[in-house]
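A quick write-up on the structure given underneath.
Readers should treat all values here as calculations from the given coordinates under stated rules, not as data from a laboratory. The structure displayed is predicted, hence computed values, not measured ones. We place every Cβ from the backbone using ideal geometry, glycine too, and count neighbours over all the protein chains shown.
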Amino acid sequence: MNPIRAFRNWRTYTHTVRELNRLNARQLNDLGISRADIETIARKAI
């Protein structure tokens, strides 16, 4: 993997994790997401 793609993937992952962590438990529940699933979902986003 080239460095530019790796950086973009890392940036997408961290942005996704940050945004999902900002949601409260009710909002996550409305989306069908638990706090334990956030990192897995962020990995799928890249």
Calculate one ³J(HN,Hα) per residue across region 38-46 by plugging θ = phi - 60° into the Karplus curve 6.51 cos²θ - 1.76 cosθ + 1.60, and present them in order as whole Hz with x for glycine and proline. 4, 5, 5, 5, 5, 5, 6, 6, 9
Burial-style ranking of 37-43, 6-12, average other-beta-carbon count within 10 Å with highest first, yields 37-43, 6-12
For the chain, the fraction of alpha-carbon pairs in successive 5 Å shells from zero, as %: 5, 24, 28, 19, 11, 7, 5, 2
Give me the distance in nm between label points sitting 7 Å out from Cα along the Cα-to-Cβ direction at ASN29 and ARG5, one decimal. 4.1
